[in-house]
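What follows is calculated from the coordinates using simple rules that are stated; it is not laboratory data. None of the values given here were measured: they were computed from a predicted structure. Backbone-built Cβ (ideal geometry, glycine too); neighbour counts: all protein chains shown.
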């Protein structure tokens, strides 16, 4: 079991797959992970799936974690972006050289926190995000699998729901999780082999 611990943030309108699959992969890989709501205990996903969060955000819990994960989904990502405690959490982790991860629309939180300028990152491929990250080294290449998850130091970003598995595996890996066993057990490696041979 890794000694590291991650917080996966939830706000009304969160993308269910980008959140729950990440928690699932962390736990399979032996990494401690909590779902953390920015409001109440019950959180409604963008596809009307309700989830009971394990914790509620507060500054008191920031230091318990080694990584904060920001899922996409709308209006979930907007709600995270507009939450002062989320912004302070991201700024604190960047300042302390801890891991910050965001997927799909989630990187808009990085922009709001003022931590994306000059960084190499990606997001959901849409014009509004390309414009948002004009001051960043923005990766916008859908033709290469190795561009679907982008790591710049301890900032890790990804593209969307279909890239959640490689994103989650990268996050679990950097926190010391047993990723290869999970890739084999979930048939992720077998699926990749089929794709390569097709």
Taking square-rooted eigenvalues a ≥ b ≥ c of the alpha carbon gyration tensor, is the range 94-156 rounded, prolate or oblate, where a/c under 1.5 means rounded and, failing that, a/b exceeding b/c means prolate?
oblate
Going by the alpha-carbon gyration tensor, a ≥ b ≥ c the square roots of its eigenvalues, is the chain rounded (a/c under 1.5) or, if a/c is not under 1.5, prolate (a/b greater than b/c) versus oblate?
rounded
Label-point separation, residue 5 to residue 24 (7 Å along Cα→Cβ), nm
2.4 nm
Once fully extended, how much extra length lies between residue 82 and residue 130, figured as 0.36 nm per residue of separation less the alpha-carbon to alpha-carbon distance?
15.3 nm
Burial ordering of 25, 61, fewest other beta-carbon atoms within 10 Å first
61, 25
Least to most buried among 39, 78, by other C-beta atoms within 10 Å and fewest first, runs 39, 78
Per the 1/(1 + (r/R0)^6) rule, R0 = 25 Å and r from the Cβ atoms of residue 178 and residue 120, FRET efficiency to 0.05 is 0.35
Considering only DSSP beta bridges with both partners in the chain, what is the antiparallel share in %, to the nearest 5?
25 percent
Determine, from the Cβ-Cβ distance of residue 95 and residue 42 and an R0 of 35 Å, the FRET efficiency 1/(1 + (r/R0)^6), rounded to the nearest 0.05.
0.60
Length-normalised contact order of the chain in % [C-alpha pairs under 8 Å, at least 6 apart]
22 percent
What is the spin-label model distance, in nm, from residue 142 to residue 162 if the labels are put 7 Å beyond Cα along the C-beta direction?
0.8 nm
